[in-house]
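Undergrad: I am attaching a structure below and will ask some questions about it afterwards.
The values are calculated or read from the model by the stated rules, or taken from the named source; none is laboratory data. Everything quoted here is computed from the prediction, not taken from an experiment. Here Cβ is always computed from backbone atoms with ideal geometry, including for glycine, and neighbour counts include all displayed protein chains. Quick note on the areas: whole protein, heavy atoms, side chains included, nothing else; ligands and nucleic acids left out. Shrake-Rupley method; radii C 1.70, N 1.55, O 1.52, S 1.80 Å.
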Amino acid sequence: MKYQLRQTMLDVLIRIEKDKGYSNLLLNQELKQKGLIEKDKRLLTEVVYGTIQNQITIDYYLAPFIKNKKKIDVWVKQLLRMSVYQMVYLEKIPDHAVLHESVEIAKIRGHKGIASFVNGILRSMQRDGLPDLSLIKDPVERISVETSHPLWLVERWIEMYGKERTEAMCHENLKHFPMSIRIQPMKTNRETVIEQLEREGFMVSASQFSPQGILIEKGNIFKTNLLQEGFVTIQDQSSMLAAESLKLEPGMKVLDTCSAPGGKVTHIAEKMTDQGDIHAYDLHQKKVKLIEEKAAVLNLHSISAHQGDARKLIEKYEEASFDRILIDAPCSGLGVINGKPEIKYEKQVQDIERLAAIQLDIVQAAAKLLKPDGLLIYSTCTVDKEENNQVIQKFLEKNDGFSVDLSFREDLSEQLKQAPGWSLEGLQLFPQDFQTDGFFLTRIKRNR
């Protein structure tokens, strides 16, 4: 492996640890700046994601070999982690290459003593082998270490969903999911795009979640002209359910309260054949531009995007102004660990509690803007009941003019109708169900 590439890997890992940056954003930034060849891009992505994804497991492997328990500098810790990831998880890179380059980096970034420290740990691990995970007696702790999920999170999910489902979810979060895209139906159709991609050597299939959705098992969509020319956009299958479940018609007045970066609201516009009055809001002005840019690429004109707090939109509109409302609420993101693995280490119980309070405030405020017989979709990309089921329960307790409308189930595919995550509050998708993000969705109707 190229020495400079290892330095870049380490730089990204240090920034993720120190600055709490999102791995996908930092990686994309590095990939654009460095001008790497395709092979090096793949390796950089693999090592950075893999190191973060398996961090607790790697730390368990390292622990017996670190004799001096004094605090280790962040860069040394990340250098050891990425070295162990390559030695344990990547067969194509020989151990001697990992050892040599790790020691060289330690010499340059630190001093001879640190280089000896790194060398000693990695050589001892190579000689003595890895600690046996099966020796962890507590089954819950073993799930935590094996799948690299914090113990408190595993315990919380077991309490909510039981050990079997939790264990399956934790293991699924370590896997690579196929990418999914959504076609722009006013510019093309699914069959045409599938045929084009297959001609170009892609392995693709039609999504069961949306008639606009396509799964990409193999192939790089960024190497085609489809994204840039607005024939398709990238969107997880689970997210497509939001617009698919709103019962949209051309000419409706629709509100998207938490819209950026615009994936769901552009889907709404497409479902309405770009005919209607669609109002999209985001709390941050800079994110409003993302909505506008996505709409422009897809050649959609019915969306007006604005900065605004979803809890205060009642100050901008009269009550009962909208036929349809989407609340894709800000959440802990514990359903997208597969793509943003650092989330599982950064979030704490108090974050979930704080977000649940905000989510309830948003639903309370936005529901006032819904017309009688109007429909509201509430969705999150988390699997936590406090942010999902409990928010809906609390809202209904305080607002007797509303009810959960589970009839949206009848409009879904047979696979989704049979999903294990249905409840009185809506549908919880787990990553292991369909290889998608963990995603919660429900439909609320205003009865009067």
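Undergrad: Once every DSSP H run of n ≥ 4 in the chain is given -39500 (n - 2.57) and the sum is divided by its residues, what mean residue ellipticity at 222 nm do you get, rounded to the nearest 500 deg cm²/dmol?
TA: Values: 19 runs with 212 residues, N = 448.
Value at 222 nm, helices only: -14500 deg cm²/dmol.
Undergrad: If eta is 1.567 mPa s and T is 4 °C, what Stokes-Einstein diffusion coefficient results for the chain, Kirkwood Rh from Cα pairs, in µm²/s?
TA: 55 µm²/s
Undergrad: Roughly to the nearest percent, how much of the accessible area of the stretch 266-398 is carbon and sulfur, given a 1.4 Å probe?
TA: On the way: 2400 of 5340 Å².
Its accessible area is 45 percent carbon and sulfur atoms.
Undergrad: Please state the Cα pair-distance histogram of the stretch 320-369 with 10 angstrom bins from zero: what percent is in each bin?
TA: In order of increasing distance, the bins hold 23, 40, 25, 11, 0 percent.
Undergrad: Could you give the C-alpha radius of gyration of the stretch 388-436 expressed as a fraction of 2.2 N^0.38 Å, taking N as the number of residues it contains? Walk me through the intermediate numbers first.
TA: Working: Rg = 12.5 Å, N = 49, 2.2 N^0.38 = 9.7 Å.
Scaled against compact globular proteins, the figure is 1.29.
Undergrad: Find the accessible area per residue for the chain; the probe is 1.4 Å, ligands and nucleic acids are left out, and the unit is Å².
TA: Details: 20110 Å² over 448 residues.
I get 45 Å² per residue for the chain.
Undergrad: At a probe radius of 1.4 Å, what is the per-residue accessible area of residue 135, in Å² to the nearest 10?
TA: Accessible area of residue 135: about 120 Å².
Undergrad: On to the next question. With the cut-off at 23 Å, tell me which of the pairs 175/417; 71/107; 71/137; 316/385; 41/340 have Cα atoms farther apart than that.
TA: On the way: 175/417 25 Å; 71/107 19 Å; 71/137 28 Å; 316/385 31 Å; 41/340 18 Å.
Those over the limit are 175/417; 71/137; 316/385.
Undergrad: Could you pull the Cα extents of the stretch 326-448 along its three principal axes, largest to smallest, in whole Å?
TA: Reported extents, whole Å, longest axis first: 43, 36, 19.
Undergrad: Right, another one. P(r) for the stretch 140-204: what percent of alpha-carbon pairs falls in each 10 Å bin, starting at zero?
TA: Histogram of Cα-Cα distances, whole percents per bin: 19, 30, 13, 20, 17, 0.
Undergrad: Mind listing the long-range amide H neighbours of residue 336? Cut-off is under 5 Å, sequence gap 5 or more, other chains count too, H placed in the peptide plane at 1.01 Å from N.
TA: Hits under the 5 Å cutoff: 438.
Undergrad: Provide Rg over Rh for the stretch 194-285; use the alpha carbon set for both Rg and the Kirkwood Rh (inverse mean inverse pair distance).
TA: Details: Rg = 14.6 Å, Rh = 14.5 Å.
Reported Rg/Rh (Cα atoms, Kirkwood Rh): 1.01.
Undergrad: How big is the stretch 90-204 on each of its three principal axes, counting only the C-alpha atoms and giving the largest first in Å?
TA: Principal extents (Cα only, largest first): 64, 42, 23 Å.
Undergrad: Roughly what % of Cα-Cα distances in the stretch 354-415 sit above 20 Å, to the whole percent? It would help to have the intermediate numbers written out before the result.
TA: Values: 586 of 1891 pairs.
Above the 20 Å cut-off, the stretch 354-415 has 31 percent of its Cα pairs.
Undergrad: Work from the charge dipole of the chain (Cβ charges, +1 for Lys and Arg, -1 for Asp and Glu, about the Cα centre) and give the residue of 28, 87, 233 farthest towards its positive end.
TA: Toward the positive end, the furthest listed residue is 87.
Undergrad: A follow-up question, please. For the stretch 414-419, what does the Karplus curve 6.51 cos²θ - 1.76 cosθ + 1.60, with θ = phi - 60°, yield as ³J(HN,Hα) per residue in whole Hz, taken in order and with x for Gly and Pro?
TA: 4, 4, 6, 4, 9, 4
Undergrad: Over the Cα atoms of the stretch 71-127, compute the convex hull volume and normalise it per residue, giving Å³.
TA: On the way: hull volume 4.2 nm³, N = 57.
Output value, Cα hull per residue: 73 Å³.
Undergrad: So what is the relative contact order of the stretch 209-266, in percent, for Cα pairs below 8 Å that sit 6 or more residues apart? Please report the intermediate quantities before stating the final value.
TA: On the way: 23 pairs, mean separation 22.9, N = 58.
Contact order relative to length: 40 percent.
Undergrad: Using only Cα positions of the stretch 11-153, each an equal point scatterer, no hydration layer, compute I(q)/I(0) via Debye at q = 0.11, 0.15, 0.17 Å⁻¹ and quote the log10 values to two decimals.
TA: Values returned for q = 0.11, 0.15, 0.17 Å⁻¹ are -0.44, -0.82, -1.05.
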